[in-house]
Amino acid sequence: MVKFSKELEAQLIPEWKDAFVNYWQLKKHIKKIKLARNKRPTQLNHGFGRSIVDPIRFIAMKLLSTKLFFSSNNNTNTDDDETVKVRSKSTEDASDHEVEFYQTELLQLFSEEDEVRVFFERLDEELNKVNQFYKTKESEFLERGEALNDQLQTLMDLKQILDGNRRWKPNILPRSSSSSRRNSSFSDSPLGLNDGSTEISDEIIAAFERNGVKFMNSPAAAAAGGGAKRKKVEKRKAAMRIDIPATTPTSAISAVTSMLWEDLISNSTKQDSTAGHSINRKKIQCAEKMIRTAFVELYRGLGLLKTYSSLNMVAFTKILKKFDKVSKQQASARYLKAVKRSHFISSDKVVRLMDEVESIFTQHFANNDRKRAMKFLRPQQHKDSHLVTFFSGLFTGCFVSLFGIYIILAHLCGIFSATTGTAYMETVYPVFSVFALLSLHMFLYGCNMMMWKNTRINYNFIFEFAPNTALKYRDAFLICTTLMTCIVGALLIHLLLTAAAISPSHVDTIPGFLLLIFIALLICPFDIFYRPTRYCFLRIMRNIICSPLYKVLMVDFFMADQLTSQIPLLRHLESTACYFLAESFKTRQYTCKNGSLYRQFAYVISFSPYYWRAMQCARRWFDELDPNHLANMGKYVSAMVAAGARLTYATQSNSLWFGVVLVTSIVATVYQLYWDFVKDWGLLNPNSKNPWLRDDLMLKNKSFYYISIALNVVLRVAWIESITRFRINQVQTHLLDFFLASLEVIRRGHWNFYRLENEHLNNAGKFRAVKTVPLPFREMDSD
């Protein structure tokens, strides 16, 4: 039977972990009570000890210890055999808002050191903490529901105009008596009438304004502004625009570009003075999609809050039962009555709002199909298939066997010898190195996902992946082992055909065909081979390459960081493209490196990942105005300079460039190490309770962090090999380069875990468990 502590650890919401009842700390108090009572068996069993007040304390404990009192300033609730009072205390900012809290009044006969008193004081603190957190989140979700009510009401009104229906519907969600309708204000659109637009008369605009939708420069507003102002306004185009911020890769667009097409209602192209207004149908569809996503996130947050309530109730029940068992008293029944009357259990606002959201979503976004609506609101995660595990093991065995056979045959054929292996390494090595490095990166990503899952790091939420289509670590291992098996199989076939003296023009096309098959699978439109993951990868790559046009999300700059560790892979792709485009495979004479264009393009390849990442930092600074993003951009600029210096030193080996390489590489390395440890990992905090780490750690063994710091330093200085030039022959040079490239990929995989751990702790510190979806209609106070 699984212990409840492990069950609670597995089911609690990771981002809200600190807000849950501290069940483990309360268990420690229970153990202290048990140990204290075992040390005083005479006092506990007979009521007499060394103190003359022990008999009195014993009788009082038996009669009154289970009776709970709750202090109050405002009201008193009487319940037959017990008195329950709720005290309302004003907040520290002396506002009118009062906070309800519970405090158990135990017997004054207990001393301050008594374990039972300490236990109940701690229990009261946990109950107050749970209540206050629940109230805070409940109010946030209720306020979000009211905002979505206004947004959906406005959307329905606009859709009715497009459909020719002029009737006004009542509010979608019930509102509290104190809430007032927010006004949606839209700025002028720079564009005119688009296709699929509908004209709006002045009467409809007036009806909108009566319902809280404010049109800037409308005829009503112009009429209220006086004669001169009226003439000026009449000349301007009355317009209304919808705000569609770039929050996902599918809808992201730069701030400058978005201003050119985000017109919701624009002026008609009519030339007469009675020109009306128009609504763009496409923008309304975008607004509807945003509101639908916001409802899904609201429903998800309500579900999490409901889970939070039920898990905490079970935790209180379990811990009180343990107390009754240890203390041989019956305090749980009375205390649980107070817990059940507390807000996080007695309030039904969350359940009612969930029902309302289900009804609204089914009606407006699922054509009254409840089953379809539940697919959006409650997406089912696919269960792990045993076939995935089986094939992962099968392909792992095949890879190991084929790789062993390849090594033996390559040694017998003299592939790795200095005399006969040079041509092989120049032509075949780049293509297969691409797949090898890619497979290694995929394997490490699978290890990352496995570690994130074991440490309860919600990487799907951080990356904003859909839970029903997100890649799992077993899937990553299957992709990795399948790819490596195909690579080693192709290598073995290529080696056997080469040994059989088959024409090189036919044999050397095998790596090219393998590359074409891989690209075809990547862009395959059919729903096979993890199509959601493949297309997500393509969208992310599009966002990276087009930086800074797209708004930068976490997954975008995370993937861009991966590319900075795969520069050797990009260089190998350059060599492969030149080899096949120049048709060098027909003669096995690799002449690409002799061309000036190839050498110049090498700079572009080496600079591109750092440039993309720097542009992402610039875009984030533009959006958030955080100077840390400019400092982060400086890190990638320094890395770009160091990479260019090393490339130049490879062709111009003199003392001047040696000094330039040394200085730029040291500066870039120190810059990168500081950013790794302090910013990305959140470590090296001298005031932390964990020396030179951080206060919160996901791994229980602190030594892992110190080892990781040392390992990251060692792997960051691998560039020293490029200036020492430890070379023996051409074959060993390629093998050494591949080994160093693999070390950088391993360093990046090792970096990934701590980077996402720090991001998760930041989310947990701010209790962010639900994505905040921006709403399309800008809200502002009415004049």
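In the range 350-439, what percent of the accessible surface is made up of carbon and sulfur (1.4 Å probe, ligands and nucleic acids excluded)?
Roughly 64 percent, rounded to a whole number.
Put a dot 7 Å past each Cα toward the Cβ at Lys700 and Phe622; how far apart are the dots in nm?
The two pseudo-label positions are separated by 4.8 nm.
Under 16 Å from a label point 7 Å along Cα→Cβ of Thr772: give me every residue in the range 137-153 with its amide N that close.
Residues passing the 16 Å test: 137-148.
Can you tell me the Rg and Dmax of the range 386-766, counting just the alpha carbons, in angstroms?
21.8, 68
Could you compute the FRET efficiency for Leu336 and Ile523, with r as their C-beta to C-beta distance and R0 at 56 Å, rounded to 0.05?
The pair Leu336/Ile523 has a calculated efficiency of 0.40.
Could you sort the peptides 361-373, 310-322 by per-residue average Cβ neighbour count (10 Å cutoff), highest mean leading?
Top to bottom by mean Cβ count within 10 Å: 310-322, 361-373.
Please give the FRET efficiency for Lys282 paired with Arg372, using the beta carbon to beta carbon distance and R0 = 22 Å, rounded to the nearest 0.05.
Approximately 0.40, to the nearest 0.05.
Under the Karplus relation 6.51 cos²θ - 1.76 cosθ + 1.60, θ = phi - 60°, what is the ordered set of whole-Hz ³J(HN,Hα) values for the range 546-560, x standing for Gly and Pro?
Listing the rounded values in order: 8, 4, x, 5, 9, 5, 8, 9, 4, 5, 5, 6, 5, 5, 5 Hz.
Given the Cα-Cα distance of Asn38 and Ala10 and 0.36 nm per residue of separation, how much length would full extension add, in nm?
Going from the current span to full extension adds 6.8 nm.
Along the Cα-to-Cβ line of Tyr674, 7 Å from the Cα, sits a label point; which residues in the range 619-638 have backbone N less than 18 Å from it?
Residues 627-638 fall inside that zone.
Using 7 Å Cα-to-Cβ label points, what is the Tyr611/Ile707 separation (nm, one decimal)?
According to this spin-label approximation, the distance is 4.1 nm.
Per the Kirkwood treatment, what hydrodynamic radius in Å, one decimal, follows for the range 633-758 from the mean inverse distance over all distinct Cα pairs?
Computed over the range 633-758, the radius equals 16.2 Å.
Determine by what factor the alpha-carbon radius of gyration of the range 114-159 differs from 2.2 N^0.38 Å, reporting the quotient.
My calculation over the Cα atoms of the range 114-159 gives 2.12.
For Arg599 and Ser347, what is the calculated FRET efficiency with R₀ set at 60 Å and r taken between the beta-carbons, to the nearest 0.05?
According to the calculation, E is roughly 0.30.
With the crude spin-label approximation of a point 7 Å out along Cα→Cβ, what separation in nm comes out for Glu143 versus Glu721?
5.5 nm
At 1.4 Å probe radius, can you tell me the per residue accessible area of the range 386-766 in Å²?
Per residue, the range 386-766 has 48 Å² of solvent-accessible surface.
The values are calculated or read from the model by the stated rules, or taken from the named source; none is laboratory data. Just so it is clear, the structure is predicted and the values come from calculations on it, not from any experiment. Every residue, glycine among them, receives a Cβ derived from its backbone with ideal geometry; neighbour counts consider all protein chains shown. Ligands, DNA and RNA are excluded from the accessible area calculation, which covers all protein heavy atoms including side chains. Shrake-Rupley method; radii C 1.70, N 1.55, O 1.52, S 1.80 Å.
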